[in-house]
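Scroll down for the structure; my scribbles are underneath it.
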Amino acid sequence: MSAATALPRFNLPMAPRDFLARHWQRAPLFMPGAAGGLDHPDADTLAGLALEPEVESRLIRGAGNGPWHLEQGPLDEQRFAELGDRDWTLLVQSVDHYLTEVSLLLDDFGFVPGWRLDDIMISYAAEGGSVGPHFDQYDVFLIQAAGRRHWQLGPQCDEQSRLRGDVPLKMLAHMPVE
């Protein structure tokens, strides 16, 4: 690696102790430009990972009230040619296990207990692509290095939150946007 090659860095806009006190497991934080130096894996790289049997991946198709469809990987290369230009998202788990450049971002979070860190998931969404209104039961870092996405945040949810019964995903029946 040449001296001119920038290593990926996560530029936290505050001291780690402030991040832990104000945001970690408490409140969302929007940090434009925080994943500096990361040449984000492009759609072809993520699709290539989704073809591999050892890589966990999901393809979600749908928008709005649906219909919604879920396909678990590994995916077939021909599948991507059939998708069209709208309303689908590819999710690839553990990208940090396969791409060193992505794994280096975790180096900047040494102040978070190791048992709290799982993996880095990266998604690629075509125009209108979404995973629908949902909630996660774990801490999530979302990194978007390319494209445009419309994010909405809802209230705190738990296992009592009402889910839709007509979709193959754990999608909220109603999500008031905050």
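We did not get these values from a lab; they are worked out from the coordinates using the rules stated. Because the structure is predicted, anything quoted here is derived from the model rather than measured. Every residue, glycine among them, receives a Cβ derived from its backbone with ideal geometry; neighbour counts consider all protein chains shown.
Taking amide H as placed 1.01 Å from N in the peptide plane, F10 has its amide H under 5 Å from the amide H of D108, each at least 5 places away in sequence or on another chain. As a length-normalised measure over Cα pairs under 8 Å and 6 or more apart, the relative contact order of segment 94-178 settles at 25 percent. Taking the chain as a Gaussian network of alpha-carbon nodes connected by springs under 10 Å, the highest mean-square fluctuation of the residues V55, V112, V102 belongs to V112.
For the chain, modelled as a GNM whose springs connect Cα atoms under 10 angstrom apart, the maximal fluctuation among M31, M121, M14 occurs at M14. Distance between the modelled labels on D42 and R26, one decimal in nanometres: 4.1 nm (7 Å Cα→Cβ projection).
Here the simple spin-label model places points 7 Å from the Cα toward Cβ, and for E159 and T100 these points are separated by 4.3 nm.
Karplus-derived 3J(HN,Hα) values for segment 70-82, using 6.51 cos²θ - 1.76 cosθ + 1.60 with θ = phi - 60°, are 10, 10, 8, x, x, 9, 8, 4, 4, 4, 5, 5, 8 Hz; glycine and proline are entered as x. Secondary structure note: in the chain, about 95% of the DSSP beta bridges are antiparallel.
Near the amide H of G154, within less than 5 Å, lie the amide hydrogens of E178, all on another chain or at least 5 residues away, with H placed in the peptide plane. Derived scalar couplings between HN and Hα for segment 108-113 equal 7, 10, x, 7, 8, x Hz in order, rounded to whole Hz, by the Karplus curve 6.51 cos²θ - 1.76 cosθ + 1.60 (θ = phi - 60°), x for Gly and Pro. In the chain, helical runs assigned H by DSSP with n ≥ 4 each contribute -39500 (n - 2.57); averaged across all residues and rounded to the nearest 500, the mean residue ellipticity at 222 nm is -3500 deg cm²/dmol. Shape of the chain from the C-alpha gyration tensor: oblate (a/c of 1.5 or more and a/b not above b/c, with a ≥ b ≥ c the square roots of its eigenvalues).
If you plug the beta carbon distance of L83 and V140 into 1/(1 + (r/R0)^6) with R0 = 30 Å, you get a FRET efficiency near 0.75. Along segment 170-176 the Karplus relation, 6.51 cos²θ - 1.76 cosθ + 1.60 evaluated at θ = phi - 60°, assigns HN-Hα couplings of 7, 9, 5, 5, 8, 9, x Hz to successive residues, with x for each Gly and Pro.
The distance separating the Cα centre of segment 77-137 from that of segment 45-68 comes to 10 Å. Under 5 Å between amide hydrogens, built in the peptide plane, is the criterion, and for R164 it picks out M171, L172, A173 among residues at least 5 positions away or on other chains.
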